[in-house]
């Protein structure tokens, strides 16, 4: 297998991994912001 | 919360509204990012906007709770609030979309000084609450508890929730 063939295999895998990571970061940010707002509210109310 | 004590103290000294002072302090803190080489991101903007929009509806929900709260319920809310705040801080900094203005001060100082997150965060909160109190802001036991404990909560959680950097990330 040539280097080009190997890169052709590896490229999409890396891209998919990058997309999954971006998805996880986005979900994590959304959860964090809601939790942050809840925590601020709870602290203000207490 | 400590930064609110500072806003309150500055507002009392200057006669400006609480909201105006909060925004002004955010601007000053963001200016402090420049020497710390911090860069704002989507998370920085989202932090300000989303939390601003969500707090009022959540406050309306919590208004359903009895008033005044029993001491045990008040303590429970403080513990819950501080714990959730530490978790949320670690989650959104860990997502690496950019920290909020005040958290960026922490991450910038950690990066520049090499000190631990816990030490830097606690130092910032204690200085801020002390300055706010000296300026006439109201600090209670919950504020003091937050200032002293939040760093110890964020410090161990941040590495757990930090998404690793990837070369193929877009």
Check: Considering every residue in B:58-68, what mean count of other chain Cβ atoms within 10 Å of its Cβ is obtained?
Finding: 3
Next item on the list: Per DSSP H run of at least 4 residues, take -39500 (n - 2.57); add these up for chain B, divide by its residues and hand me the 222 nm value, nearest 500 deg cm²/dmol.
Entry: -26000 deg cm²/dmol
Item checked: Crossing angle, helix A:3-45 versus chain A [Cα axis fit, 0-90 degrees, rounded to tens] -> 0 degrees
Checklist line | Compactness relative to 2.2 N^0.38 Å, alpha carbon Rg of the protein assembly as shown | finding: 1.16
Item checked: Between region B:92-114 and chain A, the alpha-carbon center distance in angstrom -> 18 Å
Notebook entry, point to check: Once you average over the residues of B:86-95, how many Cβ atoms of partner chains fall within 10 Å of each Cβ?
Noted result: 6
Note to self: Order these by the 10 Å Cβ neighbour count, fewest first: B:150, A:31, B:93.
What the structure shows: A:31, B:150, B:93
Checklist line | Shielding by partners, peptide B:155-163 (average Cβ within 10 angstrom, other chains) | finding: 1
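With an 8 Å cut-off on Cα pairs and a minimum separation of 6 or more residues, tell me the relative contact order of chain B in percent.
40 percent
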Checklist line | 0 to 90° range, to nearest 10: angle between helix B:2-14 axis and chain B longest Cα axis | finding: 70 degrees
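Read the figures in this text as sums done on the coordinates, not as results from a lab. None of the values given here were measured: they were computed from a predicted structure. Don't worry about glycine lacking a Cβ; one is built from the backbone with ideal geometry, like all the others, and counts go over all protein chains shown.
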